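Read the structure below first, then the notes.
Since every read-out is calculated from the coordinates, none of them should be taken as a lab result. Keep in mind the model is a prediction, meaning the values are calculated, not measured. Positions of Cβ are generated from backbone atoms using ideal geometry, with glycine treated the same way; all protein chains shown enter the neighbour counts.
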Amino acid sequence: MFSPIRRITETLTPKKIALGTALVLASVGGTYGWRVRDRLSQTNPRDIQSSLNVSESLKDSKTVRSLVNPRSHASKGDSHSIILSMRSRENVPSEKALLSAFVTGFFSGPIFQPESIALSLFSLSKLPPTSSILWGTFQVADIELSDSCTSKPTGSRADIVFGDSQGGFAGCHRFSVKRLDTSEDIQRGEIKFRLSLECLVCDPTSSKPKESKFLHKVHNNYSHLLFRDAVAHTKSRFKSLV
């Protein structure tokens, strides 16, 4: 059972999202710029599927309905996903381990660093428990882990919310990892995982979203960079992933 989002100490706003985006785009030189380019080069953007929409399962989730958008107002969002393969069947990571690395890479990588400065954040080292408040800005609303003992994993995910359900801006990041083992993959000895990121934002107090089409596109581009950063971090943690 979730409690309603309260106004968090440093509420994430569209202005701060725009600030983080601008800082990333402006940082094209120096040591930081090199770190950004090096991290992004580890994930080919052509391998990523992106959309300016989110799944109905996220829109209709308990997290969104009870915490982010309880009045079912208009919302906007974007999503990104990629399929990674294991080069070896030895030491295959669990969905939980991949999800932890995925979330850690999103919040602690060089792309998020300017926003971390704007929000006075520090690095995340592991998947936090449900109900945790991260840096006074993000709240871990829900974590669902697949049963590793089942023959067909159902997928694992973490919902992290931000903003204020009583104010003019709230949203949710959903991080998902699912093992994909089709009969053809098993015959070829391949193990694949799908990593997905969905971002939904809304104005819980109004039926008309305040975010313009331009800001929506800017946020999509920024979340795409964050996703590539998180995937690169995950691949660096598990060297057999390609």
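One table, with the values for the structure above:
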{"item": "Distance (nanometres) between label positions extended 7 Å along Cα→Cβ at residue 133 and residue 42", "result": "3.3"}
{"item": "FRET efficiency, 1/(1 + (r/R0)^6) with R0 22 Å, evaluated for residue 52 and residue 180 via beta carbons", "result": "0.35"}
{"item": "Convex hull (Cα only) mean projected area of the range 58-116, reported in nm² to one decimal", "result": "6.4"}
{"item": "Extension gain (nm, one decimal) between residue 60 and residue 242, 0.36 nm per residue minus Cα-Cα", "result": "62.3 nm"}
{"item": "Full-extension gain in nm, residue 88 to residue 213, via 0.36 nm per residue minus C-alpha separation", "result": "40.6 nm"}
